Amino acid sequence: MAKAAQFEADDFVGAKPNMAPSMAHLSLQEELRGSSLALNKRSMVLDEDRFEEQFLRCPVCRERFDNDKLPRMLPCHHSFCNSCIEHMYRTATEHRNNFHSSIRLPISAPVSAVNVSCPTCRANFIATEDNIRRLPTDHRVVQLMDFVNHTERYTVTFCSKHSLQPLNFFCEPCVKPVCRDCTVLDHKEAEGHLVMDLEDALAKYTPVLDSAITEMDGEAVSLEEKRIALEAVTGALDKIRESLLDEVKTCMARLRQLLDEREKALEAKVHEEAGKEQAKLVEKAALLESRRHTLLEQSDRLKRAKEDNNVEEMFRIHQEVREYRAGPPMRIREVDDGLLTSFSLNTRDEAMLSSRINNFGDVTSKVETTSARLKSGKSGPLRSMSLR
C-alpha cells in the first residue's frame, strides 16, 4: 500500500501496474531476513561475483550501481540505473515523434507523456519527464551494496584432487595444504604425516613467511641498487669509448702525417736524382754539338781553300783537322754502349712495416674499482688484458 501510494503521488498516468512484489524479491527479502538473524551464529559463504551480477548491476548496461549510477525503481519493482531509464525515456520520445504508438494514451495524459516499457517484464507505463526524474531509489539495492562493502571477504580455495572440498588443513612433512578427504586417504598420520589446522599452520609459519618476505624485499632493493650502479657503469663505458676513439684517431693522424712527410721526401729525391742524370745527358749533348760544329766549320774552310786552289791553306787546315781528331774519340755510353742510368724505389722494409702497421696498437682492458671510479673518477687497475 505504501508503494502504491508513492507511485500515485508521482502522478503516473494510465493503468496502475500490478504492485504485488515479485517472487524473486520476496525470496531475496526472506533470505536477507534469515541471514540477518543468523549472522551472529554462523559465517555465510557468498559467491561475490554471482551475487554482484544478479543484484548489484544494472540489467541493461551491466555496470555496477554506485553513487553516480543509483538504482531507480519502476512501478513494476524492477530497478535500473538512472542513465538507462533516461535513455528509455528518450527512446520512447523519439518513437512517439517519428511513429504512431500502438498504445493509445488516455485523454487526460499530458502532451509530453510517452509509453515506457520495462526491459525485464515488458510492462508498459505512461510517464512524463518529471515522473522519470522522481522515480524512487531502490533502497534494497543500496542496502545490499552497503552490506557487501562492509562484509569481510574470504577466498575459499578448494582441493584440486577432491572437488568442492576446501583446504582447511596443512601437512607439515609435505608442506602442503590439504582437505578433509586428503587427511583420510593420502596424508594419514599413521604413515608419518603430521596434519594440523590450516589456521594453526598459518600462525606457526607466518613469522617464517614474513622473514622470507623481508629477505626477498631486501634482496630486491639490493638488486635494484646494483642495476642502478650498472647503468652508471654503462654510462661511464660510453665516455671511455668516446675517449678511446679520439685517441685512435689522433694516433692514426700522426702516423698519416709521418707517411705524408716521407712521401714528399721520396718525391723530392726522385726529382733530384732524375734531374742530375738529365743534366749529365744535356752536358753530353752540348759537347756533341760543339764537336760537330767545329768539324763542320773546318770542313767548310777546307772546301773553300780547295775551290781557291790555295795549296798552302789546304794543307794547313788539313793538319789542324788531323791534330783535332788525333785525340780519343768521344764516346756516349747511352748511345754507343746502350747503357742508361735508371732509378727504382727500394721497398725492402715494406713487408716489415706492413706487418708492424697491421699489429700496431691494441686496446687493453683493465678491471677497476667501480665505486672509486663513480665517486671520484679515479681508480686503480686490478687486472689487464689485451684485445687485438
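Some observations on this one:
- Restraint check, Lys239/Lys366; Lys161/Lys204; Lys284/Lys306, Cα-Cα greater than 22 Å: Lys161/Lys204; Lys284/Lys306
- Between region 54-68 and region 155-231, the alpha-carbon centres lie 38 Å apart.
- Annotation: amide H-H contacts under 5 Å for Ile126 (H modelled 1.01 Å from N, sequence separation of 5 or more, or interchain): Val13, Val116.
Bear in mind that the values in this text are calculations on the coordinates, not laboratory data. Model, not experiment: these values are computed from the prediction.
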